[in-house]
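To keep things clear, I will list the structure first and then write my remarks on it.
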Amino acid sequence: MAIYEINGGTPLSGSVTISGAKNAAVAILPAALLIPGRCRIENVPDISDVRILLDIMEGMGAKVEKPEPGVVILDCSIITQPMPDPALVKKLRASYYLMGALLGRYGRSHVSLPGGCSFASRPIDQHIKGFKALGAKVTEGEDFVSMEPGENGLHGDRVSLDVVSVGATVNIMLAAALLPGKTVIENAAKEPHIVDLANFLNTMGANISGAGTDTVKIWGVESLQGSTYAIIPDQIEAGTYIAAVAAAGGDVLVKNVIPKHMDCITSKLAEMGAEITDYDDAIRIRSTGKLHATTVKTRPYPGFPTDMQAQICVCMALANGTSRLTESVYETRFFGYCTELESMGAHITIDGKTATVVGMEGLHGVTVRARDLRAGAALVIAGLAASGTTRVENIHYVERGYERLIEKLTALGAKIRRVEE
Ligand code: UD1
C-alpha cells in the first residue's frame with residue numbers, strides 16, 4: 001500500500017499546468033465507440049480512471065495507441081467483445097457511459113453496473129428513463145443493465161430529467177447521436193464537460209445544439225466519422241490547486257485553465273480573502289495570509305461544484321470565523337473526510353445537508369485515510385497547510401483523478417512524497 005507523506009507549512013510558489021479534464025475524458029473516450037474508425041484524442045489525463053477505461057475498451061477489441069504523452073488514438077473499427085469486462089467496469093463510475101455508446105453504435109448493450117467512488121447512493125434511474133424514452137427495452141438485473149430495441153425501434157424523443165444529472169445527460173447524448181429523429185433533453189446538466197462532449201460529437205459529424213444550457217437538442221445523423229479533438233482543462237484539478245494555495249499560502253500561476261469555468265470557485269476564494277487574477281488561459285492566486293469565513297452551497301454548474309466541497313471545507317477550517325457549507329447534490333459526502341479533518345484539529349459540526357465549520361488557527365499533521373477522490377484531495381491540502389507530518393492513506397482514490405500530483409506539488413515547493421509501505 002502506498003501513502004502520501006506530507007511535511008506541511010510550506011507556502012506554494014511557481015506555476016502548475018492543469019491536465020485534461022477527467023470527467024470530459026471519461027465521456028469522450030467511450031464516444032469513440034460510436035464509429036468503426038479512428039479518433040485522435042489529445043490532452044487526455046494519465047490517471048487511473050482513464051487507464052481503466054482504456055483497458056475496458058481494449059478488452060472489447062478497440063485498438064489503443066499512445067503515440068505521445070496526453071495523446072490517445074482509438075480505433076474502434078472491430079469490436080470483438082461488445083460486453084465490457086464486469087470486473088473492470090466495477091472499478092469505475094463512468095463505465096456507465098459504455099451503455100449509451102454501445103446502444104448508439106449497435107442498438108443493444110449489456111453492461112455491468114458501475115463501481116467508483118461510493119460517497120453516496122448513486123442511482124442511474126434517469127439514465128434508464130432516457131434510454132427508455134429513446135425506445136430501448138431495458139432489463140435491469142441485479143448487477144447489470146441490458147438493452148435492446150423496443151417494439152417501435154430506437155428513435156429520438158423528448159426526455160425531461162427529474163434531477164439535473166451529468167451522467168444521464170451524457171448517456172442520452174451518446175445514445176441519441178445516431179438515432180433517427182430529434183432528441184430533446186430538458187433539465188440537462190450544463191457542466192463544461194457536457195459542452196466538451198457535444199463539441200467532440202459535432203466534430204465527428206453529429207448535430208447537437210444547446211449543450212451548456214438546460215435544453216440539449218440532438219438531431220440524429222446517419223453516420224459519424226473519426227476526428228481529432230483536444231479535451232478541455234480540468235476545472236476541479238485547477239480548483240484543487242487554487243484551494244491548496246488559499247489554505248497553505250503562497251503565490252501560484254495556474255496554467256492551462258478556462259477562467260470562465262473557474263468563476264464559481266474563484267469567486268468564493270476571492271470572497272474568503274485570496275487574491276485572484278484571471279488571464280486568457282491562466283489564473284494567478286496569491287494568498288494574503290488571511291481567510292475569512294463564508295457560506296457555500298454546492299449546486300450543479302454554474303453553481304459551486306460538489307467536487308470542490310471537501311477542498312473548500314479545508315479553507316473554511318482555517319478561516320477567521322464560522323462558515324456554513326451546504327451540500328445539495330450528494331448529501332452524504334461530508335462523511336468522506338470531516339472526521340479525518342477533525343483529527344487534524346478542524347472543528348466541524350454536521351447537521352443534515354449542512355456543515356458548520358468553526359475556523360481554527362491551524363491544523364496539525366496526523367495519519368488520515370482518504371475515502372473517495374475529492375476527500376483525498378482535501379486531506380492532501382490539509383496536510384500541506386498543517387504543521388508537522390501528515391500521512392494520507394488510501395491514495396488510490398486520489399490517483400483516480402490527479403495526474404502527476406506529487407510532481408506538480410513538489411515543483412511548487414511542497415514537501416510531499418509517495419511512500420510504498
Ligand atoms: C458526475 C461527476 C462527478 C460529480 C457529479 C456531480 C463524472 C464522471 N462524474 O457524476 O464527479 O460529483 O457529476 O457534479 O462526470 N441522480 C439520480 N438519478 C440518476 C442520476 C443522478 O437521482 O439517474 C442524482 C444523484 O444521486 C445526484 C444528482 O442526481 O444527487 C447528480 O448526479 P449526476 O450529475 O448524475 O452525477 P454523476 O454523473 O454520477
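General remarks:
- Pairwise centroid distance, computed over Cα atoms, of region 61-77 with region 140-186, Å: 27 Å
- Computed over region 22-230, Cα set: Rg, Dmax in Å: 15.3, 46
- For the chain, the share of DSSP beta bridges that are antiparallel, to the nearest 5, is 70%.
- Acute angle (nearest 10 degrees) that the helix 97-106 long axis makes with the longest principal axis of the chain, alpha-carbon atoms: 20 degrees
- Rounded to 10°, Cα long-axis angle of helix 259-271 versus longest principal axis of the chain: 30 degrees
- Residue-by-residue Karplus 3J(HN,Hα) for region 159-165, coefficients 6.51, -1.76, 1.60, Hz, glycine and proline x: 10, 10, 6, 6, 10, 6, 10
- Net length gained if the chain between SER267 and THR332 were fully extended (0.36 nm per residue, minus Cα distance): 20.9 nm
- 5 angstrom amide H check on LEU113, placed H, neighbours 5+ away: PHE144, VAL145
- Spacing of the modelled spin labels on GLN81 and ARG40, each 7 Å from Cα toward Cβ, amounts to 2.9 nm.
- Note on GLU142/GLU275: beta-carbon distance plugged into 1/(1 + (r/R0)^6) with R0 of 45 Å gives a FRET efficiency of 0.25.
- 26 Å Cα-Cα threshold exceeded, pairs from LYS190/LYS415; LYS66/LYS255; LYS90/LYS415; LYS66/LYS129; LYS66/LYS190: LYS190/LYS415; LYS90/LYS415; LYS66/LYS129; LYS66/LYS190
- Integer Hz, Karplus 6.51/-1.76/1.60 couplings in order for region 342-356, x for Gly and Pro: 5, 5, 8, x, 6, 10, 10, 10, 10, 10, x, 7, 10, 10, 9
- Whole-percent carbon and sulfur share, accessible surface of region 271-421, 1.4 Å: 46 percent
- Full-stretch length increase - ALA411, GLU361 - with 0.36 nm per residue and alpha-carbon distance subtracted: 15.3 nm
- ³J(HN,Hα), Karplus 6.51/-1.76/1.60, whole Hz, each residue of region 201-218, x for Gly, Pro: 4, 5, 5, 7, x, 6, 10, 10, 9, x, 4, x, 10, 8, 10, 9, 10, 10
- Our analysis of the chain gives Rg over Rh at 0.98, with the two radii drawn from alpha carbon positions and Rh computed by the Kirkwood formula.
- Taking every DSSP beta bridge that has both ends in region 22-230, the antiparallel portion is near 75%.
- For LYS190, the residues whose modelled amide H falls within less than 5 Å of its own, excluding neighbours fewer than 5 places apart on the same chain, are TYR301.
- Cα long-axis angle, helix 235-248 against the chain (0 to 90 degrees, to the nearest 10): 10 degrees
- Segment HIS347-THR389, length gained on full extension (0.36 nm per residue, minus Cα span): 13.2 nm
The values are calculated or read from the model by the stated rules, or taken from the named source; none is laboratory data. Computed from a predicted structure; not experimentally measured. Cβ coordinates were reconstructed from backbone atoms using ideal geometry, including for glycine residues, and neighbour counts include every protein chain displayed. When the accessible area is computed, the model is the full protein with side chains, heavy atoms only, and any ligands, DNA or RNA have been set aside. Shrake-Rupley method; radii C 1.70, N 1.55, O 1.52, S 1.80 Å.
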